[in-house]
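Below: one structure, written as structure tokens.
Bear in mind that the values in this text are calculations on the coordinates, not laboratory data. Just so we're clear, the structure is a prediction, and the values are computed from it rather than from any experiment. Don't worry about glycine lacking a Cβ; one is built from the backbone with ideal geometry, like all the others, and counts go over all protein chains shown.
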Amino acid sequence: MTVGETAAASTLADLIRARVRDIPDYPQPGVVFKDITPLLADGAALTAVVDALAADHGALDKVAGIEARGFILAASVACQLGSGFVPVRKQGRLPGPTFSQSYQLEYGSATIEVHQDAFSPGERVLIVDDVLATGGTAEATAELVRRAGAEVAGICVILELEFLGGRARLPGGNVRSLLVV
Ligand code: AMP
């Protein structure tokens, strides 16, 4: 990184730190929820975050967003890059034939789905979400992209909760987080 790039990165990190709100004990006791709605409501901050998520991926065919907050970010990134947007949704919400992937949560399990025809063979796909926590959701999404015949070009999030070790579940996944806490 050049001095200018380092300064820009720390400005962006400061901006995210100032606009993401901690909500203790939501949605359950013991969890600190990272609420990005103040950041979404700030036009300059939202633009800076979308620009950073969209930068430096080389040619991309699709941007996949993880329900629900990932949709907002991924669709904005896709518009900026002129790529298509693909929703990765919770079980039962997509109308067409889907691939499904189940994964373990801290308590219980979850299933996410993508349309079987969402990608053409070999397409390069960027996965976007708001928060990387244990990495289970991103790992399952990457698996869905591969099962649907496409290639994972990278995984981008605004915020990475480092203490949960999600990055270790995504080896070779080319993970970029704009802020690590
Ligand atoms: P994980 O699969 O554990 O990496 O969880 C990531 C998914 O759950 C993302 O879609 C996040 O939106 C959401 N998530 C997990 N933990 C948090 C948190 N502390 N604050 C906000 N969202 C979270």
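Odds and ends about this structure:
- Estimated dipole of region 55-180 in Debye, rounded to 20 [Cβ of Lys and Arg +1, of Asp and Glu -1, Cα centre]: 140 debye
- Scattering profile of the chain at q = 0.09 Å⁻¹ [log10 I(q)/I(0), Debye over alpha-carbon scatterers]: -0.30
- Protection proxy ranking of 30-42, 52-64 - average other beta-carbon atoms within 10 Å, highest first: 52-64, 30-42
- Which of 131, 101, 68, positive extreme of dipole for the chain (C-beta unit charges): 101
- Karplus (6.51, -1.76, 1.60) ³J(HN,Hα), θ = phi - 60°, over region 130-147, in Hz, Gly and Pro reported as x: 7, 10, 9, 10, 7, x, x, 5, 5, 4, 5, 5, 4, 5, 4, 4, 5, 5
- Antiparallel DSSP beta bridges within the chain, percent to nearest 5: 35 percent
- Amide H within-cut-off set for residue 85, under 5 Å, with H built and near neighbours excluded: 63
- Those chymotrypsin sites (Phe, Trp or Tyr not before Pro) in region 47-126 that DSSP places in a loop and that have at most 11 other beta carbons within 10 Å: 107
- Ordered by the number of other Cβ atoms lying within 10 Å of each residue's own Cβ, fewest first, 67, 106, 123 fall into the sequence 106, 67, 123.
- Per-residue Karplus couplings for region 51-65, computed as 6.51 cos²θ - 1.76 cosθ + 1.60 with θ equal to phi - 60°, are listed in order as 4, 5, 5, 7, 7, 6, 10, x, 6, 10, 9, 9, 10, 9, x Hz, Gly and Pro entered as x.
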